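Notes to accompany the following structure.
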Amino acid sequence: MSEALNPQQLRSLIPLNALSDQQWRELRAHLVPQPLLAGQLLFRRGDQARLTYYLLSGELLLRDADGSETRLEAGSEASCHPVSPSLPRLYEASALRDSSLLAIDSAALASQLTLGSAHQDLLLEYGLDGDGEWLEALLASPLLARVPPANVRSMLERLRRVELPAGSRVMAEGEEGDCCYFLQSGRAEVIRGAGSERQLLAELDVGACFGEEALLGDCPRNASVTLLEDSVLQRLDRADFLELLKAPVVDEVSLGEAVRLLGGGGQWLDVRLQEEYERAHAPQALNMPLHLLRLKARLLQGGATYLCYCDSGKRSASAVFTLSQLGFRAYALRDGLDALPALQREALISEAGSGYLARSGGRIERSR
């Protein structure tokens, strides 16, 4: 996508001007610049392609069923609206001179507009007590973009406020997980190990969710979280988390569905430990152990689809949830490798050794 297509320059387009910055980022993969040479046809009357077009430069000729013609020039008030948005198209559209347009997947746009409207209602209802800035950051997160508004409303009603001073350990590695938290104000760090084995996995800012991995995997905490500043947290109990957030966010697919997604450019992501991966892994699978996923996710490609797997399906569910928070599209192999028939498992986990590495920008290399 060209640099010309950015939220600041497209704010005049209607109804795109109602989207938040986060919604623009969510929609970014669906924005396609389309050049059109003089005399070239954009679409015919009766066209039913689910694409929304905006004229960015140049001029179009619109011709209806009676042969009446209308000129549409970039920069005019009319060009701030979609070109012949009704389906089937009521006009034939062609370029009078060299032009450029923005094409957007109509379903993706409708989804963002619907979520944006619903979240505005929540901001008005719950953001009147001085917490509007935090709530706006939370509602704009990629994680909640995949959660139905009714679930978000229920979640907000069930959150419990917790105030703690800087230096407080909110959760400790190895303890049982009975809840997760959202960071309302302040900052926190995620640490794994102690002494010489101590490793900083992430720093968390306002709106971040943490502690969910123990809930998704039904396992002890795999890291400790300590507050770097006086902070306000919002606590969500395990049962509420599983009901309201896990179900809509963690998409699971069968092996057949995974293969179809691979054919469309998907990428296997093995979230087991390196030792498990090297013993046997899927062809061309990347290895990003769950506990290092936040640290390594910067190497993943923003517009790609990732297919996560592990032995039981629990670690991959946690990986999908984490990737969703970070704005990635990901799926978990349903019930993991252990649920596959022996022949399917052997066919899938067919490579051994150190495998493949992700480089910045999503480039994949065979390790040596």
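The values are calculated or read from the model by the stated rules, or taken from the named source; none is laboratory data. Predicted, not measured: the structure shown is a model, and the values here were computed from it. Neighbour counts run over all protein chains shown; Cβ positions are idealised from the backbone, glycine included.
Summed over the stretch 25-43, the residues that are without any contact (Cβ under 8 Å) to a residue 60 or more places away in the chain and in contact with a Phe, Trp or Tyr (Cβ under 9 Å, 6 or more places away or on another chain) give a count of 2.
Of all residues in the stretch 281-302, those that are at positive phi and either touching a Leu at 6+ places or on another chain (Cβ under 6 Å) or buried (at least 16 other Cβ atoms within 10 Å of the Cβ) (or both) total 0.
Exactly one condition in (1) at pLDDT below 90; (2) out of contact with any helix residue (DSSP H, G or I) (no Cβ under 7 Å at 6 or more places or on another chain) is not met by Pro149; state its number. Looking at each condition in turn, Pro149 falls short on (2). Scanning the stretch 82-101 for residues that are closer than 20 Å to Leu31 by Cβ and surrounded by fewer than 16 Cβ atoms within 10 Å (Cβ to Cβ) gives Pro85, Leu87.
Yes or no: Glu213 in the same structural domain as Pro341 (by TED's automatic domain parsing), surrounded by 14 or more Cβ atoms within 10 Å (Cβ to Cβ) and assigned to a helix (DSSP H, G or I)?
On the way: in the same structural domain as Pro341 (by TED's automatic domain parsing): no; surrounded by 14 or more Cβ atoms within 10 Å (Cβ to Cβ): yes; assigned to a helix (DSSP H, G or I): yes.
Spelling it out, it is not the case that Glu213 is in the same structural domain as Pro341 (by TED's automatic domain parsing), surrounded by 14 or more Cβ atoms within 10 Å (Cβ to Cβ) and assigned to a helix (DSSP H, G or I).
Hey, does the stretch 304-313 have a residue that's surrounded by fewer than 20 Cβ atoms within 10 Å (Cβ to Cβ) and either farther than 16 Å from Glu252 by Cβ or among the hydrophobic types (A, V, I, L, M, F, W, C) (or both)?
Our first condition is that a residue be surrounded by fewer than 20 Cβ atoms within 10 Å (Cβ to Cβ); within the stretch 304-313, this holds for 304-305, 311-312.
Restricting the remaining residues to those that are either farther than 16 Å from Glu252 by Cβ or among the hydrophobic types (A, V, I, L, M, F, W, C) (or both) gives 304.
There is at least one residue in the stretch 304-313 that is surrounded by fewer than 20 Cβ atoms within 10 Å (Cβ to Cβ) and either farther than 16 Å from Glu252 by Cβ or among the hydrophobic types (A, V, I, L, M, F, W, C) (or both).
For the subset of the stretch 160-188 comprising residues that are closer than 14 Å to Gly207 by Cα and surrounded by fewer than 18 Cβ atoms within 10 Å (Cβ to Cβ), which member is farthest from the chain's Cα centre (by Cα)? Walk me through it before giving the result.
Of the residues in the stretch 160-188, the ones closer than 14 Å to Gly207 by Cα are 161, 180-188.
Filter again for surrounded by fewer than 18 Cβ atoms within 10 Å (Cβ to Cβ), leaving 161, 185, 187.
Numbers: Arg161: 27, Ser185: 23, Arg187: 22 Å.
Across the stretch 160-188, the extreme among qualifying residues is Arg161.
Residue count for the stretch 292-332 satisfying the condition of being within 19 Å of Ile191 (Cβ to Cβ) and of a type in the set (S, T, N, Q): 3.
Tallying residues that are at pLDDT below 90, over 21 Å from Leu143 (Cβ atoms) and out of contact with any helix residue (DSSP H, G or I) (no Cβ under 8 Å at 6 or more places or on another chain) within the stretch 314-360 yields 2. One residue alone among Leu27, Leu5 is surrounded by 15 or more Cβ atoms within 10 Å (Cβ to Cβ), part of a loop (DSSP other than H, G, I, E, B), out of contact with any Cys (no Cβ under 7 Å at 6 or more places or on another chain) and at pLDDT below 90, and that residue is Leu5. Candidates Asp230, Asp270: the one that is under 19 Å from Pro289 (Cβ atoms), charged (D, E, K, R) and in contact (Cβ under 8 Å) with a residue 12 or more places away in the chain is Asp270. Each residue in the stretch 46-63 was checked for being modelled with pLDDT of 95 or more and charged (D, E, K, R), and 2 pass. Identify all residues within the stretch 102-122 that are at pLDDT 70 or above and buried (at least 16 other Cβ atoms within 10 Å of the Cβ); write none if there are none. Those that are at pLDDT 70 or above and buried (at least 16 other Cβ atoms within 10 Å of the Cβ): Leu102, Ala103, Ile104, Asp105, Ser106, Ala108, Leu109, Ser111, Gln112, Leu113, Leu122.
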